[in-house]
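Below is one structure; the comments refer to it alone.
The values are calculated or read from the model by the stated rules, or taken from the named source; none is laboratory data. Worth saying up front: this structure is predicted, and the values here are computed from it rather than measured. FYI the Cβ positions are ideal-geometry reconstructions off the backbone, even for glycines, and counts take in every protein chain you see. These area figures cover heavy atoms from the full protein model, side chains too; ligands, DNA and RNA do not enter into them. Shrake-Rupley method; radii C 1.70, N 1.55, O 1.52, S 1.80 Å.
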Amino acid sequence: MAGAEILSVKGLYALNSRGHPTIKVVVATRSGAKGYGLAPSGASRGEREAVELRDGGRKWLGRGVSRVLAILENEVAPRLVGVDVTRQRYVDGLLISIDGTPNKSRIGGNLTTATSIAVARAASSHLGLEPFQYIGGVERRLLPTPLLNIINGGVHAGNKLSIQEFMIIPVGADSFLDAMRISVEVYGTLKEILKEKYGKQAINVGDEGGFAPPLEYTRDALDLLVEAITGAGYAPGADVALGIDAAASQFYDQNSQSYSIDGKQLTAPELLEYYSALADEYPLVYIEDPFWENDWESFREITRKLGSRLLIVGDDLYTTNVRYLRKGLDLHATNAVLVKINQVGTLSETIDFVHEAKWNGLRAIVSHRSGDTEDPFIADLSVALGTGLIKTGAPARGERTAKYNRLIEIESMIDSPAYAGARPFPSKPKG
Ligand code: PGA
Ligand code: ZN
């Protein structure tokens, strides 16, 4: 189609959900099509992630992106102008080679992420397609099962919970919209329970829109979820299952080589026993980052022990990078991977990572970041890649609902949509 050449690449300041600056990139083609992309930002970041470049100094509390914007304008945009916008892999390769480092530390993973997404959107718009259609093609009709983090802990909340995320998973829904209805009912029921038990201060929300009640113990949070599911009229397990993201790097102490959780110091084998007990007591189907990001052996152990019943998911472990996934595959470290574009920095590398995982029989979960924006691109990506799973927070806060609302819209655009439901999980959760 004529006019596919990139005409301009512009960078702008934007704000993320934590009130921190981020970068927005807008790509225009000669045909008049436009596409934008916004870089999200993590709090519990893995040490192997692409580097997020910030200015330092006093302005914007050190988090300015002026340097990144200057690199975009002076070094990156001139190389992209004139390139066919549909050549995503060429564009991403160019970004990787302009950067020249293994972790995007010279031009910034925030720059490459926003640019890569903007190029994909501009290409879909140029072709008159939605991003999910452009990236996924005609075969895509699977809507993902959402994992909704409705109690926040760890570095995402001002409470004492060590575990970062407590998620409900509406596996028994009939459609994506139905999944949202059930989730909203459970979320609202939880709010009432929290207000009654702990007072109004318990319904403040954390970074991902989940409540951040003054709890300390893991079991208390899981009990509340079960109570909310039952209270909303659903069967824990069959209708709504549970998941946790321990983000264990955050409560691991390298000096004492122990994990600080529920007022105790646990060794890795003790923590594994603890997770196993939780899996016996609750309808748990998902555990993410159960150990810190360099304890590959413990990942292997938990997958050996619980992998036939639960998804054991690597987030900080892999940071969406095929290089680390290969190590995980050799070790059988997990049976699932978390997928965050900005952990690796380009769409093409993200797609390669998902394919590598899938070819090896692993599940993939497309994910937001705790500092996110109104950009719903990951909703399109989850449908395009047919992952059947998405993790994008509570059904509250605009940066989270942007993704859910987009999925509701996508479901309405597909002729015969299918909802993943319980299918991505290894076995039926215990009720
Ligand atoms: P982050 O948390 O975006 O703060 O890294 C999300 C996660 O750990 O999955
Ligand atoms: Zn995580």
- Query: Which one of 65, 83 is touching a Phe, Trp or Tyr at 6+ places or on another chain (Cβ under 8 Å), more than 28 Å from residue 208 (Cβ to Cβ) and among the hydrophobic types (A, V, I, L, M, F, W, C)?
  - Reply: 83
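Residues checked against (1) closer than 23 Å to residue 41 by Cβ; (2) open to solvent by 10 Å² or more (accessible area, probe 1.4 Å):
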| residue | (1), (2) |
| --- | --- |
| 91 | yes, no |
| 97 | no, yes |
| 103 | yes, yes |
| 121 | yes, yes |
| 158 | yes, yes |
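Table: residues versus (1) closer than 30 Å to residue 248 by Cβ; (2) modelled with pLDDT under 95; (3) of a type outside the set (Asp, Glu); (4) not assigned by TED's automatic domain parsing to the domain that holds residue 343.
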{"site": "13", "(1), (2), (3), (4)": "no, no, yes, yes"}
{"site": "34", "(1), (2), (3), (4)": "no, no, yes, yes"}
{"site": "46", "(1), (2), (3), (4)": "yes, yes, yes, yes"}
{"site": "62", "(1), (2), (3), (4)": "yes, no, yes, yes"}
{"site": "67", "(1), (2), (3), (4)": "no, no, yes, yes"}
{"site": "84", "(1), (2), (3), (4)": "no, no, no, yes"}
{"site": "92", "(1), (2), (3), (4)": "no, no, no, yes"}
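Within region 46-89, count every residue that is basic (Lys, Arg) and surrounded by fewer than 18 Cβ atoms within 10 Å (Cβ to Cβ).
Applying the first criterion (basic (Lys, Arg)) to region 46-89 yields 48, 54, 58-59, 63, 67, 79, 87, 89.
Narrowing further to those that are surrounded by fewer than 18 Cβ atoms within 10 Å (Cβ to Cβ): 58-59, 67, 79, 87, 89.
Summing the residues that are basic (Lys, Arg) and surrounded by fewer than 18 Cβ atoms within 10 Å (Cβ to Cβ) in region 46-89 gives 6.
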- Note on the structure: Checked region 389-421 for anything closer than 16 Å to residue 371 by Cβ and within 16 Å of ligand 1 (Cβ to nearest atom); matches are 391, 392, 393, 394, 397, 399, 400, 402, 403
- Item | Members of region 243-257 that are in contact (Cβ under 8 Å) with a residue 40 or more places away in the chain and among the acidic types (Asp, Glu) | 245
- Counted residues, region 402-431 - those being open to solvent by less than 40 Å² (accessible area, probe 1.4 Å), in contact (Cβ under 8 Å) with a residue 40 or more places away in the chain and under 27 Å from residue 235 (Cα atoms): 10
- Item | Lone unmet requirement of (1) surrounded by fewer than 20 Cβ atoms within 10 Å (Cβ to Cβ); (2) hydrophobic (A, V, I, L, M, F, W, C); (3) within 23 Å of the chain's Cα centre (by Cα) for residue 1 | (3)
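Within the bounds of region 311-318, is there any residue that is buried (at least 24 other Cβ atoms within 10 Å of the Cβ), among the aromatic types (Phe, Trp, Tyr) and more than 30 Å from residue 376 (Cα to Cα)? Outline the logic, then answer.
Pass one, region 311-318, residues buried (at least 24 other Cβ atoms within 10 Å of the Cβ): 311-318.
Going one step further and asking which of them are among the aromatic types (Phe, Trp, Tyr), we end up with 318.
Adding the requirement that they be more than 30 Å from residue 376 (Cα to Cα) leaves none.
Scanning region 311-318 turns up no residue that is buried (at least 24 other Cβ atoms within 10 Å of the Cβ), among the aromatic types (Phe, Trp, Tyr) and more than 30 Å from residue 376 (Cα to Cα).
Here's a check for you: in region 200-220, which residue that is more than 16 Å from ligand 1 (Cβ to nearest atom) and either of a type in the set (A, V, I, L, M) or open to solvent by less than 20 Å² (accessible area, probe 1.4 Å) (or both) is nearest to residue 251 (Cα to Cα)?
Of the residues in region 200-220, the ones more than 16 Å from ligand 1 (Cβ to nearest atom) are 200-204, 211, 213-220.
Remaining after also requiring either of a type in the set (A, V, I, L, M) or open to solvent by less than 20 Å² (accessible area, probe 1.4 Å) (or both): 202-203, 211, 213, 215, 218.
Numbers: 202: 23, 203: 24, 211: 20, 213: 19, 215: 16, 218: 13 Å.
Selected residue: 218.
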- Can you find even one residue in region 143-153 that is more than 16 Å from ligand 1 (Cβ to nearest atom) and either outside any loop (DSSP other than H, G, I, E, B) or not charged (D, E, K, R) (or both)? yes
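Quick one: in region 300-310, which of the residues that are away from ligand 2 (no atom under 16 Å from the Cβ) and closer than 16 Å to residue 427 by Cβ is surrounded by the most Cβ atoms within 10 Å (Cβ to Cβ)? Walk me through how you get there before you give the answer.
Residues of region 300-310 that are away from ligand 2 (no atom under 16 Å from the Cβ), as a first pass: 300-301, 303-309.
Those left that are additionally closer than 16 Å to residue 427 by Cβ: 303-309.
Numbers: 303: 24, 304: 13, 305: 16, 306: 21, 307: 17, 308: 10, 309: 18.
Ranking the qualifying residues of region 300-310, first place goes to 303.
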- Query: How many of the residues in region 323-341 are surrounded by 17 or more Cβ atoms within 10 Å (Cβ to Cβ) and closer than 30 Å to residue 373 by Cα?
  - Reply: 10
- Pairs where the first residue, in region 221-242, is farther than 15 Å from residue 211 by Cβ and the second is at pLDDT below 95 and not in a helix (DSSP H, G or I), C-beta under 7 Å, 6+ apart: 235/431; 236/431; 237/429; 237/430; 237/431; 238/431; 241/429
- Note on the structure: How many residues of region 262-299 are more than 19 Å from residue 427 (Cα to Cα) and either open to solvent by 10 Å² or more (accessible area, probe 1.4 Å) or within 16 Å of ligand 1 (Cβ to nearest atom) (or both)? The answer is 23
